[in-house]
Amino acid sequence: MIKRAKVTIVGAGHVGGTTAQRLVEKEIADVVLVDIETDMPAGKALDLSEAAPICHYDSHVIGVEDYEETANSDIVVITSRSIAGQYRHCKKGNRIGCSKIAPCHFTGGLKSA
């Protein structure tokens with residue numbers, strides 16, 4: 001099996017789901033979809049996984065509601081919308097270090113290289 005980049009997508013809505021779909025269909029990366037909505041990221045990941053044999057790709061995709069599976073991600077894509085000036089992944093107290101992506105005040109959570 002080819003070693004692919006690991007991409008975390010924060011926000012499994014339409015934009016996040018479509019981003020994951022494009023990455024796995026073209027076998028560019030293995031994907032971790034993260035969202036605070038119960039079961040949504042896992043459902044989208046299951047849809048993409050079940051399409052793999054039909055669409056002829058073997059990228060790995062999982063959907064989660066916490067950040068444990070995001071460890072060692074090569075790239076983090078934030079597609080979640082803001083609520084009251086905060087990223088929605090902070091709603092449950094999760095925090096993400098994204099200083100290499102864009103300037104922000106969040107620290108901890110995902111480790112940047």
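The values are calculated or read from the model by the stated rules, or taken from the named source; none is laboratory data. What you see is a predicted model, and the numbers here were worked out from it, not measured in a lab. Cβ atoms come from the backbone with ideal geometry, glycine included; neighbour counts cover every protein chain shown. Just so you know, the surface numbers come from the protein's heavy atoms only, side chains and all, with ligands and any DNA or RNA stripped out. Shrake-Rupley method; radii C 1.70, N 1.55, O 1.52, S 1.80 Å.
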### Looking only at the stretch 38-58, and only at residues there that are in a loop (DSSP other than H, G, I, E, B) and of a type outside the set (Val, Ile, Thr), the one that is nearest to residue 10 (Cα to Cα)
39
### Message
Please pick out the residue among 53, 41 that is out of contact with any helix residue (DSSP H, G or I) (no Cβ under 7 Å at 6 or more places or on another chain) and free of Cβ contacts under 8 Å to residues at least 24 places away in the same chain.
### Response
53
### Query
Among the residues of the stretch 95-104, is any in contact with a strand residue (DSSP E or B) (Cβ under 8 Å, 6 or more places away or on another chain), surrounded by 18 or more Cβ atoms within 10 Å (Cβ to Cβ) and either at pLDDT 95 or above or farther than 26 Å from residue 3 by Cβ (or both)?
no
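Hey, among the residues in the stretch 4-16 that are in contact (Cβ under 8 Å) with a residue 24 or more places away in the chain and closer than 15 Å to residue 47 by Cα, which one's most open to solvent (accessible area, probe 1.4 Å)?
Here the residue is 13.
Residues are listed down the side, and each one gets a yes or a no for (1) over 15 Å from residue 79 (Cα atoms); (2) small (Gly, Ala, Ser); (3) exposed (fewer than 15 other Cβ atoms within 10 Å of the Cβ); (4) out of contact with any Phe, Trp or Tyr (no Cβ under 8 Å at 6 or more places or on another chain):
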{"residue": "18", "(1), (2), (3), (4)": "no, no, yes, yes"}
{"residue": "29", "(1), (2), (3), (4)": "yes, yes, no, yes"}
{"residue": "38", "(1), (2), (3), (4)": "yes, no, yes, yes"}
{"residue": "50", "(1), (2), (3), (4)": "yes, no, yes, yes"}
{"residue": "56", "(1), (2), (3), (4)": "yes, no, yes, yes"}
{"residue": "59", "(1), (2), (3), (4)": "yes, yes, no, yes"}
### Query
Taking the stretch 59-77, which residues are within 12 Å of residue 29 (Cβ to Cβ) and in a loop (DSSP other than H, G, I, E, B)?
59, 60, 73, 74
